[in-house]
Amino acid sequence: MAENTNQKKKLGLTTKIFIGLIAGALLGVILNIFVPSGYVKDTIIIEGVFYIIGQGFIRLMQMLVVPLVFCSLVCGSMSIGDTKKLGNVGVRTLIFYLFTTALAITVALLVGNLINPGIGLDMSAVQQASTEIATQEAASFADTILNIIPTNIFNGLSSGTMLQIIFFALFLGIILAKLGDRAGIVSNFFSQFNDIMMEMTMMVMAVAPFGVFCLIARTFSTLGFSAFIPMLKYMGAVLLALAIQCFIVYLGLLKVFTGLNPFIFIRNFFPVMAFGFSTATSNATIPLSIETLAAKMGVSKKISSFTIPLGATINMDGTAIMQGVAVVFAAQAFGIDLTMVDYITVIGTATLASIGTAGIPSVGLITLTMVFNAVGLPVQAIALIMGIDRILDMTRTAVNITGDAVCTTIVANMNKSLDREVFRLSRQKTK
Ligand code: ASP
């Protein structure tokens, strides 16, 4: 019952964000075409109301980044630390989760570079009122690696140096897991702080419709129609990369490692995907996913009760895909050339960002900040993406949880915990 009400609330927010998006775009285009420039339009509306509310919303999101990622990573790595208890299952699951995520970002970067979503969009027009474009300093490869280790974690935290924060958080989480009850109070502190940050995220998201309205309205009133095509291309690129990951990478891996029929698998798992899609929340799908894998695919709950919640916490391939395409989009829109080292950094950071993304709506957009920071892209580009993120959030959540389910089935098969008879029966039932 409670879940139902929750779901309704979330769907309500989605609808509101869409309304904000469309109304903002329309108003922006009307202002751009029909209203002549002047004090009221430029200073009061565009650079006043739209700018303050839009940037205010971005700042709220940015405010969440450091504490949210830090706590979420400490908690995530605490559960990774636990994997020792599960030996083989833990290690195999982790390898598959990390491997599929790195693969996902690679697919995203390739698709992004193929579709070139940001070319033709001149973001510098929208940019001028905010901070200047971050000029990239070409740090050497050795320095890039060394910079991951903080010499003072408090400096890292206060300046938001994400790789250092991630490094320290992972370290801390692993030690907390190792110490177990001896560090129970600190572990609980981080778990509770993590819950608090998730709640704060939900509250910030409640003002998203207004934030999205103003951000989009400002963009379109400055750029007019020229922003439509790049945005559609960005959406198309993300959706295409998600489809490749889901239907080619996952189903290919499933076929190779288990020999199960991928189409039956997807059909059996479809209700869970639909649930993930409608709620945009991996966490909410955990029980249904475990049940479906047990009842229709024959995956032992001994495996899935560990791997599915872990996956919902640390394995976000769909999110990583959105981040990969977003990097290409922003770099092109701001005319920033990315080097090979940048691309490798993106693969590394987005894999870590995926671990740090909580399985609730829109967090992928927050952790995107850290990927942008890692390669010196201006976070203002997120403003444009934010407007259309909701639909992508829903779609990537469906892919996130499919990735967890596929890896779980493969690991179950490797650990002889897959009852093929159940899968075969589920196949016959539909005939
Ligand atoms: N909504 C996603 C999930 O729950 C996370 C994200 O990408 O924002 O899986």
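A short reminder: the numbers here are calculations on the coordinates, not readings from a lab. Just so it is clear, the structure is predicted and the values come from calculations on it, not from any experiment. Glycine gets a Cβ as well: all are built from the backbone with ideal geometry, and neighbour counts include every protein chain shown.
Could you tell me which of rounded, prolate or oblate describes the range 175-249, using a ≥ b ≥ c as the square roots of the eigenvalues of the alpha-carbon gyration tensor, with rounded for a/c under 1.5 and, failing that, prolate when a/b is larger than b/c and oblate otherwise? In terms of gyration-tensor shape, oblate. Each of 47, 421 has some number of other Cβ atoms within 10 Å of its Cβ, and from fewest to most they run 421, 47.
Restricting to Cα pairs below 8 Å that are 6+ residues apart, what does the relative contact order work out to for the chain? Please round to a whole percent. Present the calculation step by step, with values, prior to reporting the outcome.
Values: 638 pairs, mean separation 129.6, N = 431.
Rounded, it is 30 percent for the chain.
Packing, taken as the mean count of other beta carbons within 10 Å per residue, orders the peptides 91-102, 355-366 from highest to lowest as 355-366, 91-102.
Among 246, 214, a tally of other beta-carbon atoms within 10 Å of each Cβ gives an order, fewest to most, of 246, 214. Extension gain for residue 35-residue 18 works out to 3.7 nm (0.36 nm per residue, less the C-alpha to C-alpha distance). Going from the fewest other Cβ atoms within 10 Å to the most, the residues 301, 16 appear in the order 301, 16.
Under 5 Å from the amide H of residue 299 lie the amide H atoms of 294, 419, each residue being 5 or more positions distant or on a separate chain, with H modelled from the backbone and absent for Pro and chain starts.
Using mean Cβ contacts within 10 Å as the protection proxy, how do 199-208, 231-240, 149-158 order, highest first? The partial results should precede the final answer.
On the way: 199-208: 16.4, 231-240: 20.4, 149-158: 13.4.
Taking the mean over residues of other Cβ atoms within 10 Å, the ranking is 231-240, 199-208, 149-158.
The Cα center of the range 305-328 and the Cα center of the range 368-431 differ in position by 6 Å. Could you tell me which of the pairs 301/416; 255/416; 255/296; 178/416; 296/416 are separated by over 20 angstrom between their Cα atoms in the structure shown? Violating the 20 Å limit, Cα to Cα: 178/416. Global dimensions of the chain from alpha-carbon coordinates: Rg and Dmax equal 21.7, 72 Å.
Counting every pair of alpha carbons in the range 157-200, the share spaced more than 14 Å apart comes to 59 percent. Expressed in Å, the radius of gyration and Dmax of the Cα atoms of the range 242-377 are 16.6, 51.
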